[in-house]
1. Considering region A:297-317 alone, what residues qualify as being of a type outside the set (Gly, Ala, Ser), within 14 Å of chain B (Cβ to nearest Cβ) and crowded, with 20+ Cβ neighbours inside 10 Å?
2. Give the residues of region A:91-131 that are in contact with a helix residue (DSSP H, G or I) (Cβ under 7 Å, 6 or more places away or on another chain) and away from chain B (no Cβ under 14 Å), sorted by residue number.
3. Is region C:33-43 home to any residue that is more than 20 Å from C:Leu163 (Cα to Cα), of a type in the set (D, E, K, R) and away from ligand 1 (no atom under 16 Å from the Cβ)?
4. Do the conditions hold for B:Thr101, that is, is it within 14 Å of another protein chain (Cβ to nearest Cβ) and in contact (Cβ under 8 Å) with a residue 60 or more places away in the chain?
5. Please tell me if B:Tyr133 is without any contact (Cβ under 8 Å) to a residue 24 or more places away in the chain and under 30 Å from A:Val291 (Cα atoms).
6. Among the residues of region C:24-47, how many are away from ligand 2 (no atom under 14 Å from the Cβ) and either over 14 Å from C:Leu217 (Cβ atoms) or buried (at least 17 other Cβ atoms within 10 Å of the Cβ) (or both)?
7. Considering region C:155-176 alone, what residues qualify as being open to solvent by less than 60 Å² (accessible area, probe 1.4 Å), more than 15 Å from ligand 1 (Cβ to nearest atom) and over 20 Å from C:Ala119 (Cα atoms)?
8. Exactly one of these conditions fails for B:Ala53: (1) away from chain A (no Cβ under 14 Å); (2) over 17 Å from the mean Cα position of the chain (by Cα); (3) modelled with pLDDT of 90 or more. Give me its number.
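The values are calculated or read from the model by the stated rules, or taken from the named source; none is laboratory data. Keep in mind that what you see is a predicted model, and the values were worked out from it rather than measured. Please note: Cβ atoms are built from the backbone with ideal geometry, for glycine as well, and neighbour counts cover all protein chains shown. Note: accessible area is taken over every heavy atom of the protein model, side chains too, but ligands, DNA and RNA are not part of it. Shrake-Rupley method; radii C 1.70, N 1.55, O 1.52, S 1.80 Å.
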Amino acid sequence: MRNLRLFALTIAVLAGLFGVQFVISGYPVLALTRILILAVFAMGYNVLMGYTGLVSLGHALFFAAGLYGAGLAAYYGGVALPIAFAAGIAAAAVLSLVVGLLALRTQTVSFMIVTLMFAQAGYLATLHFSAITGGDQGLSLPAHARSFSLLGQEIALTSATARYNIALAVFAVVLLALYALTQGPRGRLFAAVRENPERTRMLGYDVGRIRLLAFTVSGTISGVAGALYGLMFGFIGSSFAEFRSSVEVLLFTLVGGPGTLFGPLVGTTVMTLLIDRLSGLTSAYLIAVGVLLIVLTLWFPKGILGTIRDRWAPWLR
Amino acid sequence: MNLAPYLLLATLEGLVQASVFALTALGLSLVFGVMRVVNVAHGEFFTLGAVGAWLCAMLLPGHPAISFAAALVAAPLAVGALAWAADRLILKRIDYDPEATIVSTIGLMYVIQQVVLMTFGPDARAVDAPFWYTIRFPWFGWSGYKVFIIVVAVALVGGLWLAMRHTRFGLIMRATQYDRETAQNFGIPVDRVYAAVFALGAMFAAVAGVLVVPNSQAHYLMGHDPLLMSFVVVIVGGLGSLPGTVAAAVLIGMADGWLSVFFSPTLAKIFSTLLVALVLVFRPAGLFGKAVRA
Amino acid sequence: MAEVTLLQTRGLTRRFGGLTAVDRVDFTLMQGEIRAIIGPNGAGKSTFVGLLSGRIAPDAGTVLFDGQDITRLPAHRRVRLGIAYTFQITNIYPAMTVRENLAVAAQSRLAHEAEIAAAAQEAAIAVGLEDRLPDRAGALSYGHQRLLEVAMGLALHPKLLILDEPTQGLSDDEIDNFLTVVRRVAQTATVLLIEHNMDVVMALATAITVLDRGRILAEGPPEAIARDPAVQDAYLGSAT
Ligand SMILES: Nc1ncnc2c1ncn2[C@@H]1O[C@H](COP(=O)(O)OP(=O)(O)O)[C@@H](O)[C@H]1O
Ligand SMILES: [Mg+2]
């Protein structure tokens, strides 16, 4: 039961995102780069929250694991950027496996609180060990960590075009991987666990393992986003590990439509544009976040694409 | 070096902490116990209590005891009314779905916090204690006002305990907590009980907020730590168990007092957050709670 | 066909607080049987099959399936060994289509999407739901939902199909259709069903086990059970 229309849309979106760089320039390129990276974060979150039905309040932890894993490796280890990137992903993978093993012993409300508390402990740890992490102030990556060579080509991350295309490449890989994961048999199992875990168990599945897989994939992809963010913009700081980050990724996913392949991209785009409009007015932005969280739960729990899917386009999932 | 004075001071400060924790956490615990929902905006109700105390001090010149007494009544009432409205307008409409409640109260938290920031401002503001009296120890003097905090907390906790046991409203709350459907069938207006419990829970936080202001100033982010500590207390004490909550508040308040003599506050908080997570994972009924019905 | 033991329990016991819901039950099921378990409400029938399927853990005793001790095996592993279970209360994926419901079941033993789709189709045909494949399962009538549950069990290609009160709430027509389905299933699988409707029991069962207060009261061919005075006292008399 492949989903050909969704696949066509996937290819079209990727082609459009590639083409758009020849039309826009300046600040919009930077904004779009950020959107793509944060969308990867939300796509990771969506695997757990949207497809598998487990609401985590602690995904900032995995984003931060990628960010610090990659950033610290580049800052202190002085390793090449691709290796730092891999280190960040590995850190997020290991951490999400361990946290998943513990947190998945709980459900619903307890699960939300447990993930929140682990993430909060992680955030506090970035402050406590500020001698290493730079704490609130953060660390700016040194010049040698702002470029790398790939196939003999020297690529400078100070170039907006290079950053955009790297972000797009990573986004494309994650998007295609998630297409394969969610639209095939594995995705059906995620949905089965979300809809009715007891029935799924009695059809011969180890529900705990399916959840752990979803959790680990979800955390690892969040870490991919974190590692990419840190290396692209050359800065790592504890604000990325804050509770607010976990709430934002939840909000991006809720706005776009949980359990839809493109929901995270749509939600991230809409919210980032909103942030840009409200930039400078931190309070206004946070009030908007608060009001949106309430409004979405009250009237719009399926988000933009989820509503479109339910009304008109069942393949949009 | 003689540690005794430090430990005595830590114990006294711990008792004050425990009182504030107990009040705040009882509000959270009451709401969870009866309604089975977690209110993430609970810390903001605490903040609003503190800001209310400051507002009363601004509006009512004269002896600080007058404005403080007014705050102790008015702030919880105002916060209770706000919580009542939040229950009617939000929680009731999502039918108290546990996950949706958490998400929407996170939203409420940001809205209240930022509105306080925009009106009250980013600075910490002090409020005078209603009275000045210093208890003299051989090594240090200690504010008599802090004894007042402990007394009020004990009175309110005791009052709640008696009300739960011996009043009609207490009986109705316990019946609703025991089984919502059956309570409904027996003609208990479950809707109104929920709104009242949610308001009552918020009022406990607000009272705690009023009480701490003379001690530690009002600030728009001051709700964070009480929220975290309420989670710790409620979860370690056993979700929804009132005696467990009080016991945990005393234990953790004291531990906090002692630990802060030796450790940095950040490290103490890391310890607390991990404790909450691990208790929920391995001892979901709390460290000394009985099992909670699903 | 040679008599082969498919499932056997020894001293199987489960208590809920002070109540012993299943009390030292020794039970044997032969391959190819259609066995009915009857008994008054609260006799422990659902608990007993719950112990067989692994949904409920026993306090004492053992369960042997296909010659293997499965007492400690988690439920999902037992399903993989060939024990399919349908719930007493309808338990499906209401938001998914009928096809997806069946695909989740078939996927438990198959890897390729084409095979899974074919198996889903086949299971739907077996219960007469092939026209409803694209429909949302939650939108089906109650009778069709029960059939879907049976079909999900079939899609597992089980050695043993456990049905807990499958005809409860069905109309007479639906029950007739159901009898046909179970007879067809019984050609390839052993069937263990809990059933209150004595007409269904008499029409289907090759043997009957009577459970009362957690213990086996009587066991044997349908005619003998129907004549047994102790059974009539304890159950049949009061049920009709
Ligand atoms: N989870 C449970 N907790 C407590 N008691 C239970 C539980 N499940 C079943 N029981 C009790 O065990 C007895 C047997 O129940 P059950 O197996 O459902 O009977 P039957 O299916 O024959 O009607 C009943 O008295 C029932 O109340
Ligand atoms: Mg039963």
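1. Answer for region A:297-317, where residues must be of a type outside the set (Gly, Ala, Ser), within 14 Å of chain B (Cβ to nearest Cβ) and crowded, with 20+ Cβ neighbours inside 10 Å: just A:Thr297.
2. Those that are in contact with a helix residue (DSSP H, G or I) (Cβ under 7 Å, 6 or more places away or on another chain) and away from chain B (no Cβ under 14 Å): A:Ala91, A:Ala92, A:Ala93, A:Ser96, A:Leu97.
3. no
4. Details: within 14 Å of another protein chain (Cβ to nearest Cβ): yes; in contact (Cβ under 8 Å) with a residue 60 or more places away in the chain: yes.
Judged against the criteria, B:Thr101 is a match.
5. Criteria not met by B:Tyr133.
6. Number satisfying all stated conditions: 10.
7. C:Leu170, C:Ser171, C:Glu174, C:Ile175
8. Of everything listed in (1) away from chain A (no Cβ under 14 Å); (2) over 17 Å from the mean Cα position of the chain (by Cα); (3) modelled with pLDDT of 90 or more, B:Ala53 misses just condition (2).
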